[in-house]
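Have a look at the structure below before the remarks.
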Amino acid sequence: MRLMLTLGSLLLMLIAGGWAVFFMLQGQWLIVALDVAMAATGAAALVLSRRDSLRHAALLLLGGLFVAIGAICVFLDVPSGQVPRATHHFYLSLGACAYLLFRGERPLLRHGVALLFLAAFVVFASCDAAIVTPYALPDEVRVSGTWVNNIFSVLTLYLVLHVMQSDVTARNEMEDELRTALDEQQLVLHYQPQIGADGQVTGAEALVRWEHPQRGMVSPGEFIPLAEQTGLIVPLGAWVMREACAQLVRWSKDPHTASLTLAVNVSAQQFRLPDMVARMRAVLDRHGIDPTRLKIELTESMLVSDVEDTIEKMTALKAMGVGFSLDDFGTGYSSLSYLKRLPLDQLKIDQTFVRDVLTDPNDAAIAQTVVSLGQTLGLSVIAEGVETEGQREFLAGIGCQAYQGYLFSRPLPIDKFEVFVRGRVAGV
Ligand code: C2E
Ligand code: MG
Ligand code: MG
């Protein structure tokens, strides 16, 4: 998706820039202004996609193109008896492109944007609506323009169809491979230390990794969303939970690790299972672990729907002794009234706020607010993504007492994690 947006933005800048020069030479300043605006839109979309704001980049790019093509159809590509209009054909390929770019989004965005483009195509294909101004291009220019537009719009459509097909094939392959990975135990847990105010390791977050036989280590960012879409997250999450409990049993037998807590990410789908509480009770009983050592990380997105069910399950698990941390806090839409009702133990400041906490006053204010909120609600606060000593000092200064991040350690395989813990205990 990022590649598509980058290419699209670059192409837009190039084409708009080229036309700007062309019309500048002809002294058509209104068209030059339109081209410059389009090139600027392309540049802004490029910056956004580089910063990982893919949805905003896609909206900006498609929005800019929608307006530009409309303007060209109305003012420049005015149909005549001899030469029909052709620019609107791009609405077809861009509609398909929008469908592809927003495939993981809500239906309104996924279908709405694509249908808007298709509707614009239908309007321009069905009527000759145009405004006659001195800018209307002469038929001689439009004859060759029609050929160029038709060829390019069909090529773009073909390209989008090709990407769609490859995307589906790649997803199907990955889904099959992920099933195999679960069966053949290609998944492993890595452990990222969580550090207390005194620098001691208080526990870890379990982060799943996929040791792919051909591709090497695959990050969860790639396969967790797919697992969620295909429902594979349920068996995957169950495996993670069993593995985490087995690890807690092993830790409980060693005085160095007996007091560690283990945080496990549980996805919304897994938590929504009607028998979630019974499943958890069965796993805890089977392993015989102390449930207070286990911390479930939930994300704010879980609180958008079915809050009552979430609260009920959390309360039942909490009664068994299991702790709860609210992951990626600040990125979702937590309503404060719900927050008060949830039996939480911890808020986790999202790494996007920690990243710029020293340079962006807004992020610093958010971090400060989360810490105050935690204090008011009687919850502990941990910051994730702490990478520098400066960030840690700032966080300590505002009252955040627990940290997780590359400053201390990346997520480690179990043997390395245990070496890390021993090193810290020995004061190394
Ligand atoms: P998360 O739970 O918010 O985990 C934190 C992510 O930030 C991890 O990425 C971790 O490696 C990374 N991180 C930690 N410290 C730093 C730092 O200092 N700098 C930077 N730049 N990054 C840091 P990871 O391991 O790739 O996991 C990504 C996400 O995948 C997790 O986000 C979590 O939402 C999901 N995930 C991972 N394991 C599981 C799992 O077992 N089950 C479920 N449902 N989701 C999982
Ligand atoms: Mg987490
Ligand atoms: Mg997080």
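Listing for the model above:
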quantity: Charge-dipole axis of the chain as Lys and Arg at +1 and Asp and Glu at -1 on Cβ define it, positive-most pick from Leu232, Ala316, Gly390; calculated: Ala316
quantity: Structure-based [θ]222 nm, the chain - -39500 (n - 2.57) summed over DSSP H runs of at least 4, per residue, nearest 500; calculated: -19500 deg cm²/dmol
quantity: Compactness of region 186-425 - radius of gyration and Dmax, Cα, Å; calculated: 17.3, 50
quantity: Karplus (6.51, -1.76, 1.60) ³J(HN,Hα), θ = phi - 60°, over region 73-80, in Hz, Gly and Pro reported as x; calculated: 4, 7, 9, 9, 8, 7, x, 10
quantity: Share of carbon and sulfur in the accessible heavy-atom surface of the chain [1.4 Å probe, %]; calculated: 62
quantity: Formal net charge of residues neighbouring Asp356 (Cβ-Cβ distance under 13 Å; K, R +1; D, E -1); calculated: -2
quantity: Relative contact order %, region 163-264, counting alpha carbon pairs below 8 Å whose residues are six or more apart; calculated: 26
quantity: Value of relative contact order over region 277-415, rounded to a whole percent, pairs C-alpha under 8 Å and six or more apart; calculated: 18
quantity: Lys416 accessible area, assembled protein chains, probe 1.4 Å, Å²; calculated: 120
quantity: For Thr169, net neighbour charge (Lys/Arg +1, Asp/Glu -1) across residues whose Cβ lies under 12 Å away; calculated: -3
quantity: Percent of C-alpha pairs per 10 Å bin, region 2-171, short to long; calculated: 10, 36, 37, 14, 2, 0
quantity: Two-decimal ratio, region 1-92, of alpha-carbon radius of gyration to 2.2 N^0.38 Å; calculated: 1.15
quantity: Amide H within-cut-off set for Leu262, under 5 Å, with H built and near neighbours excluded; calculated: Ala204, Leu294, Lys295
quantity: Potential lengthening between Ala319 and Arg410 on full extension [0.36 nm per residue; Cα-Cα distance subtracted]; calculated: 29.5 nm
quantity: Rounded to whole Hz, the Karplus (6.51, -1.76, 1.60) HN-Hα couplings of region 204-212, x for glycine and proline; calculated: 8, 9, 7, 10, 6, 10, 10, 8, 6
quantity: Positive-end residue of Leu155, Phe75, Pro213, charge dipole of the chain with Cβ unit charges; calculated: Pro213
quantity: P(r), alpha carbons of the chain - 20 Å bins starting at zero, rounded %; calculated: 21, 44, 26, 9, 0
quantity: Point-charge dipole on Cβ atoms (K/R +1, D/E -1) for the chain, about Cα centre, debye to 20; calculated: 320
quantity: Mean Cβ count within 10 Å, highest first, over the residues of peptides 72-79, 274-281; calculated: 72-79, 274-281
quantity: In order through region 309-315: 3J(HN,Hα) via Karplus (6.51 cos²θ - 1.76 cosθ + 1.60), integer Hz, x for Gly, Pro; calculated: 4, 4, 4, 4, 5, 4, 5
quantity: Per residue accessible area in Å² of the chain, where ligands, DNA and RNA are left out and the probe is 1.4 Å; calculated: 50
quantity: Cross-link pairs Lys253/Lys295; Lys313/Lys416; Lys313/Lys348; Lys253/Lys313; Lys253/Lys340 - those with Cα-Cα distance over 28 Å; calculated: Lys313/Lys416; Lys253/Lys313; Lys253/Lys340
quantity: Region 186-425, relative contact order [Cα under 8 Å, separation at least 6], %; calculated: 20
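The values are calculated or read from the model by the stated rules, or taken from the named source; none is laboratory data. Small disclaimer: the values here were computed from a predicted structure and weren't measured. Note: ideal-geometry Cβ built from the backbone for every residue, glycine included; neighbour counts use all protein chains shown. What goes into the accessible areas is simple: the full protein's heavy atoms, side chains included, and nothing from ligands, DNA or RNA. Shrake-Rupley method; radii C 1.70, N 1.55, O 1.52, S 1.80 Å.
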